[in-house]
Amino acid sequence: MAVQTADEARSQRRRDNLAARAGANALWGAILWTLFVGVQHMGWLVRPWELPLAPDWVEMLFLFAPLVIVPLGLRAIALHSSMEPPEPLTWAGALCLPCAIPLLIAYSAQKSDMAMFFTLPWLFLCSLLALSALMRFKARGLRPLHELGFDVALAYIVIGAGWCSIARLGLRPLDFSEMIVQLTAVHFHFAGFALPIIAACLFGRAPGRVGAINVLGVIAGVPLLAMGISSKVQAVETVTALVLALICVSVAALTLGQCARGPARAGTRVLFAITGLSLLVSMGLAGAYAVGNLLEATWKLDIPTMATWHGTLNAFGFALCGLLALTRPDTK
């Protein structure tokens with residue numbers, strides 16, 4: 001058994017502390033999210049299948065990210081990274097839940113200056129994550145590739161936090177609809193944060209050419225899709241959406257591969273299976289949406305339908321199950 005140096009032991013302790021704090025925040029965040037949704041929609045316990053059809057479901061999905069997905073993502077980084085967490089990342093692990101709770105107030109109030117004010121703690125926390133990404137990158141450079149994937153996730157999320165503030169203020173940049181503004185915040189919390197972390201963890205566990213292409217593809221594909229939508233040129237939006245969808249299909253294939261050759265525990269294999277299948281179905285919906293809009297087909301999916309099914313699959317089937325699988329003891 002290799003003997004750790006003092007520096008290695010300190011680094012391990014800091015990673016362990018970050019993982020423990022982030023895991024506790026995710027647990028309490030899940031409880032708070034469930035209570036908040038229960039108060040907003042009293043009948044969901046009786047008819048839970050109707051919840052994704054609620055008009056404010058996109059906002060509920062967004063809140064699931066700061067309260068649950070982000071702390072779980074930080075735990076995954078702590079468990080799968082070999083780098084010592086910089087101070088801003090350590091602070092973020094402790095402050096994640098306190099900075100996310102004001103978002104519940106922001107989304108309970110009407111869009112206004114006051115609602116935007118309650119998003120600022122989350123914007124501050126995501127700024128800490130972006131700063132930690134810069135510090136990690138400066139200390140290490142472009143390699144290893146899975147560490148770069150973690151850096152990108154920590155950096156992208158501040159864009160989502162900025163769009164969250166814009167959404168609660170009621171602004172509509174580039175004449176986007178209010179729904180698109182909110183969905184942009186959702187995009188950078190799930191596709192911009194959870195997706196790079198999961199792709200990077202899979203590559204770190206089983207390095208290979210396909211895994212490397214996945215990580216690089218996700219790094220480029222997430223902002224590429226955002227720029228495609230911003231262009232307001234349907235052909236450009238369709239191409240960028242299909243590119244990211246194809247990359248995600250490859251990530252899903254590697255995830256499903258973990259079921260056969262990865263962890264020993266059946267529960268972890270089930271989580272990986274749900275993760276991969278959810279991503280495949282949600283990307284199928286994304287591809288159908290993009291192509292349907294380009295062709296102006298009668299069967300094309302509308303944005304509320306996409307938000308209901310694509311968003312729900314990505315939030316719970318992919319992001320939640322994927323991060324839970326990657327933070328179990330047999331996948332460290």
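Only Lys, Arg, Asp and Glu count, each charged at its Cβ (+1, +1, -1, -1), so figure out the dipole size of the chain about its Cα centre, rounded to 20 debye.
On the way: 23 positive and 17 negative charges, 189 e Å.
Roughly 900 debye, rounded to the nearest 20.
Could you work out which residue, out of 134, 174, 145, moves most in a Gaussian network model of the chain, that is, has the largest mean-square fluctuation with Cα springs under 10 Å? Evaluated over the chain, the most mobile residue of the options is 174.
Summed over qualifying helices (DSSP H, 4 residues or more, each -39500 (n - 2.57)) and divided by its residue number, the chain shows a 222 nm mean residue ellipticity of -24500 deg cm²/dmol. Relative to the longest principal axis of the Cα atoms of the chain, the long axis of helix 209-231 makes an angle of roughly 30 degrees.
Seen against the Cα atoms of the chain and their longest principal axis, helix 70-80 is set at about 30 degrees.
Look at the dipole of segment 194-332 built from charges on Cβ: of 288, 230, 210, the Cα furthest out on the positive end belongs to 210.
Cα gyration tensor of segment 73-155, axes a ≥ b ≥ c as square roots of the eigenvalues: rounded (a/c below 1.5), prolate (a/b > b/c) or oblate? If you can, show how the numbers build up before the last one.
On the way: a/c = 2.93, a/b = 2.49, b/c = 1.18.
Cα axes put segment 73-155 in the prolate bin.
Under a GNM of the chain (C-alpha, springs under 10 Å), which listed residue has the highest mean-square fluctuation: 34, 119, 255? Residue with maximal mean-square fluctuation among 34, 119, 255: 34. Taking a ≥ b ≥ c as the square roots of the eigenvalues of the Cα gyration tensor, segment 207-305 is classed as oblate, since a/c reaches at least 1.5 and a/b does not exceed b/c.
Determine the relative contact order of segment 80-201: mean sequence separation of Cα pairs under 8 Å and six or more apart, normalised by residue count, in whole percent.
Details: 156 pairs, mean separation 33.2, N = 122.
Contact order relative to length: 27 percent.
Which value, in debye to the nearest 20, describes the size of the charge dipole of segment 132-194 about its Cα centre when Lys and Arg Cβ atoms bear +1, Asp and Glu Cβ atoms bear -1, and nothing else is charged? Walk me through the numbers on the way to the answer.
Numbers: 6 positive and 4 negative charges, 55 e Å.
Using only the charged Cβ atoms, the result is roughly 260 debye.
Rounded to the nearest 20 debye, the dipole size of segment 145-273 about its Cα centre is 440 debye, using +1 on the Cβ of Lys and Arg and -1 on the Cβ of Asp and Glu. The Cβ shell under 14 Å around residue 148 holds other residues with a net charge of +2, Lys and Arg each +1, Asp and Glu each -1.
Cross-link reach is defined here as a Cα-Cα straight distance under 20 Å, omitting same-chain residues fewer than 8 places apart; for residue 111 the aspartates and glutamates meeting it are 56, 59, 175, 178.
A short reminder: the numbers here are calculations on the coordinates, not readings from a lab. Just so you know, these numbers come straight off a predicted model, no measurement behind them. We place every Cβ from the backbone using ideal geometry, glycine too, and count neighbours over all the protein chains shown.
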